[in-house]
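Engineer: Here it is: the structure, laid out below.
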Amino acid sequence: MKNLLNISDINQNDFEKILQFAEDLDSKTEQTLTNKNIGLIFEKNSTRTRLSFQVGINQLNGNFIDVRFEELNLNRFESYEDTFEVMSCYLDYLVFRTTDHKKLELAYKYFKKPIINALSDLSHPCQAISDIYTLKEKFGTIDNLNIVWMGDMNNVLFSLLEIIGFTKNTKIDVFTDRKIYLQNKDNFNKNNHINFHFEINENIISKANCIMTDVFTSMNDKEDKEKILSKFQVNDKIMSMTNEKSVFMHCLPAKIGSEVTEDVIKGKKSIVLTQAKNRLVAQKGILKWLST
Ligand code: CP
Ligand code: NVA
């Protein structure tokens, strides 16, 4: 049975199929999800992920059911285990955004049908797939690219470092604070395509195809990281180090003035709206892969 809890749930063949399905489907409609009922549970806020799944399911002729988390009997005394088991009597797939990745693992155990992680505290695989799709669209390849990541070691970075394993020679340079690195390093994928730095390095930034960042403090974070990460803000000074072909990416929502300045996110190198648009394309690729 197929699932997408993390990028590690898919192999090279699955990855290539998802990208190909996404590219083929793009703005097209298809009957792939006819008679399929897909539950969407969001324990945390979402704009792009929720809407792109809803529209993607509509375009593939499926039915989505917005399960209102606060209305479930989970809020009274029913357990997650029983809730997921019961849901599998009605639903074909579950799209689940959760505060705790362990709940996704419970869903995997008890739902017994395909589950898509719509973001957890640990990972955001749908975003990584979509961002790789955007890089391919922009540069014509996913291989031999240089990506610079600025700021936090969070769920979006976790999945990006996983997905990079499907590329050839694409390199990621992560600029972060040493304390944040030490807190997180054991959970993160490491290989010789991934390098961590604690000081800005103009030479590395000048070679980047893409400068990527995300909020310094994520929805789940207990610690406010704005101050500790402030030197990794993507601003005009950082962008002036980049080459003429480089782009700026951010999964959104952005906290303007924190991890990125308004000039950069609204500037000519920014492709954040293309990224947002491609969430829909990528969701359809994922849904089709799950159904075939
Ligand atoms: N990038 C992303 O997942 O956005 P939402 O939180 O709005 O879904
Ligand atoms: N890292 C962010 C991503 C939001 C899409 C968060 O978890 O809040």
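Engineer: Pairing the Cα long axis of helix 272-291 with the longest principal axis of the chain, what angle in degrees results, from 0 to 90 and rounded to the nearest 10?
Structural biologist: 40
Engineer: Among the GluC sites (Glu not before Pro) in the range 60-95, which ones are in a DSSP loop with at most 11 other Cβ atoms within 10 Å of the Cβ? Mind listing them?
Structural biologist: On the way: sites: Glu70, Glu71, Glu78, Glu81, Glu85; in loops: Glu78.
Nothing satisfies the criteria.
Engineer: Could you do me a favour and compute the accessible area per residue for the range 158-292, 1.4 Å probe, result in Å²?
Structural biologist: For the range 158-292, the solvent-accessible area averages 47 Å² per residue.
Engineer: When the helix-only estimate is applied to the chain (DSSP H runs of n ≥ 4, each -39,500 (n - 2.57), divided by the residue count), what is the mean residue ellipticity at 222 nm, nearest 500 deg cm²/dmol?
Structural biologist: -11000 deg cm²/dmol
Engineer: How big is D, in µm² s⁻¹, for the chain by Stokes-Einstein at 4 °C and 1.567 mPa s if Rh is the Kirkwood radius over C-alpha pairs?
Structural biologist: Answer, rounded: 66 µm²/s.
Engineer: Next question. What Kirkwood hydrodynamic radius do you get for the range 145-292 when you take the inverse of the mean 1/r over all pairs of distinct Cα atoms, in Å?
Structural biologist: Answer for the range 145-292: a Kirkwood hydrodynamic radius of 15.9 Å.
Engineer: Give the residue list of trypsin sites (Lys or Arg not before Pro) in the range 232-292 that are DSSP loop and have at most 10 other beta-carbon atoms within 10 angstrom.
Structural biologist: Hits after loop and neighbour filter: Lys268.
Engineer: Can you tell me the 0 to 90 degree angle between the C-alpha axis of helix 125-139 and the longest principal axis of the chain, rounded to 10?
Structural biologist: Long axis of 125-139 versus the principal axis of the chain: about 50 degrees.
Engineer: Which listed residue (Gln275, Trp289, Ile256) has the Cα farthest towards the positive end of the charge dipole for the range 234-290, taking +1 on Lys and Arg C-beta and -1 on Asp and Glu C-beta about the Cα centre?
Structural biologist: Trp289
Engineer: Computed over the Cα atoms, what is the radius of gyration of the range 1-127 divided by 2.2 N^0.38 Å, N being its residue count? Present the calculation step by step, with values, prior to reporting the outcome.
Structural biologist: Details: Rg = 14.4 Å, N = 127, 2.2 N^0.38 = 13.9 Å.
Normalised by 2.2 N^0.38 Å, the Cα Rg of the range 1-127 equals 1.04.
Engineer: A further question on this structure: Using a probe radius of 1.4 Å on heavy atoms only, what accessible surface per residue do you get for the range 6-95? Whole Å² is fine.
Structural biologist: 53
Engineer: On to the next question. List the longest stretch of the chain that has no exposed loop site; here a site is one of the chymotrypsin sites (Phe, Trp or Tyr not before Pro) assigned by DSSP to anything other than H, G, I, E or B, with at most 12 other Cβ within 10 Å.
Structural biologist: 91-292
Engineer: Additional query: Taking the Cα centre of the range 81-126 as the origin, how large is its charge dipole in debye, to the nearest 20, when only Lys and Arg (+1) and Asp and Glu (-1) carry charge on their Cβ atoms?
Structural biologist: 120
Engineer: By how many degrees, 0 to 90 and rounded to 10, does the Cα axis of helix 48-59 deviate from the longest principal axis of the chain?
Structural biologist: Orientation of helix 48-59: about 50 degrees from the principal axis.
Engineer: Now a separate question. How many lysine pairs in the range 113-176, separated by 8 or more positions in sequence or lying on different chains, have Cα atoms less than 25 Å apart?
Structural biologist: So the count works out to 4.
Engineer: At 0.36 nm per residue, and after removing the present C-alpha to C-alpha distance, how many nm does the segment from Lys222 to Val55 gain when stretched out fully?
Structural biologist: So the chain would gain 56.9 nm between Lys222 and Val55.
Engineer: Dipole magnitude of the chain about its Cα centre, charges +1 at Lys/Arg Cβ and -1 at Asp/Glu Cβ only, in debye to the nearest 20?
Structural biologist: That gives the chain a dipole magnitude of about 400 debye.
Engineer: Sticking with this one: Would you mind telling me the share, in percent, of accessible area of the chain contributed by carbon and sulfur at probe 1.4 angstrom?
Structural biologist: Details: 6230 of 13130 Å².
Using a 1.4 Å probe with all protein chains present, the chain comes out at 47 percent carbon and sulfur.
Engineer: Would you mind classifying the range 64-109 by shape? Square roots of the alpha carbon gyration tensor eigenvalues, ordered a ≥ b ≥ c; an a/c under 1.5 is rounded, otherwise it is prolate if a/b is larger than b/c and oblate if not.
Structural biologist: The shape class here is rounded.
Engineer: Let me ask something else about it. I want the antiparallel fraction of DSSP beta bridges within the chain, as a percent rounded to 5.
Structural biologist: Approximately 0 percent, going by the DSSP bridge assignments.
Engineer: Mind running the shape call on the range 207-267? Use the C-alpha gyration tensor, a ≥ b ≥ c as the square roots of the eigenvalues: rounded below 1.5 for a/c, prolate if a/b tops b/c, oblate otherwise.
Structural biologist: Numbers: a/c = 2.14, a/b = 1.92, b/c = 1.12.
Verdict is prolate for the range 207-267.
Engineer: Right, another one. Expressed as a rounded percentage, what relative contact order does the chain have, with Cα pairs under 8 Å and six or more residues apart? Spell out each step's value before the answer.
Structural biologist: Values: 532 pairs, mean separation 64.4, N = 292.
Averaging sequence separation for qualifying contacts and normalising by length gives 22 percent for the chain.
Engineer: Taking the alpha-carbon distance from Lys231 and a cut-off under 12 Å, which aspartates and glutamates remain once sequence neighbours fewer than 8 residues away in the same chain are dropped?
Structural biologist: Cross-link targets: Asp152, Asp177, Glu199, Glu259.
The values are calculated or read from the model by the stated rules, or taken from the named source; none is laboratory data. Source: prediction; values computed, not measured. Positions of Cβ are backbone-derived with ideal geometry, glycine not excepted, and every protein chain shown enters the neighbour counts. Side chains are part of the model used for accessible areas, which takes the heavy atoms of the whole protein and leaves out ligands, DNA and RNA. Shrake-Rupley method; radii C 1.70, N 1.55, O 1.52, S 1.80 Å.
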